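Engineer: This is the structure, below, for whatever I ask next.
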Amino acid sequence: MRDTGCPPFLEVLSCLFSIILSFAMMGYLLLWLSAWGKEAVLLNMMVFFIAFGVMIVYCLFRLVRGLFPARFKRCRVCSLVREIIEIDEVVK
């Protein structure tokens with residue numbers, strides 16, 4: 001992370017691309033499921049839906065954590081102790 005506190009542009013872009021691609025693939029799977037028989041491919045569709053859902057949740061978490069890092073800090077004392085530990089490790 002740079003001094004601005006923002007994640008790199010390519011990281012944000014890759015997370016957004018992954019989310020959009022996952023939604024598009026889920027929509028494509030729904031269209032394919034409606035065209036073919038539901039009994040033949042139901043298990044495979046569920047596996048892919050779960051995989052794309054996990055990818056969406058993971059990318060959303062990374063995106064929110066990168067764009068709003070202050071929400072995930074515990075407290076001022078904990079962050080101060082963490083900074084002191086980091087400074088001590090650099091000095092050693």
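The values are calculated or read from the model by the stated rules, or taken from the named source; none is laboratory data. Just so you know, these numbers come straight off a predicted model, no measurement behind them. Neighbour counts are summed over all protein chains in view; Cβ atoms, including those assigned to glycine, are modelled from backbone coordinates with ideal geometry.
Engineer: Within the bounds of segment 45-54, is there any residue that is surrounded by 10 or more Cβ atoms within 10 Å (Cβ to Cβ), closer than 30 Å to Gly5 by Cα, of a type in the set (A, V, I, L, M, F, W, C) and at pLDDT 85 or above?
Structural biologist: Checked against the condition, which is being surrounded by 10 or more Cβ atoms within 10 Å (Cβ to Cβ), closer than 30 Å to Gly5 by Cα, of a type in the set (A, V, I, L, M, F, W, C) and at pLDDT 85 or above, segment 45-54 yields at least one hit.
Engineer: Looking at segment 68-75, can you tell me whether even one residue there is within 20 Å of the chain's Cα centre (by Cα) and at pLDDT 90 or above?
Structural biologist: For segment 68-75, residues within 20 Å of the chain's Cα centre (by Cα) and at pLDDT 90 or above: absent.
Engineer: Does segment 4-44 hold any residues that are aliphatic (A, V, I, L, M), surrounded by 13 or more Cβ atoms within 10 Å (Cβ to Cβ) and modelled with pLDDT under 90, and which are they?
Structural biologist: Leu29, Leu33, Val41, listed by residue number.
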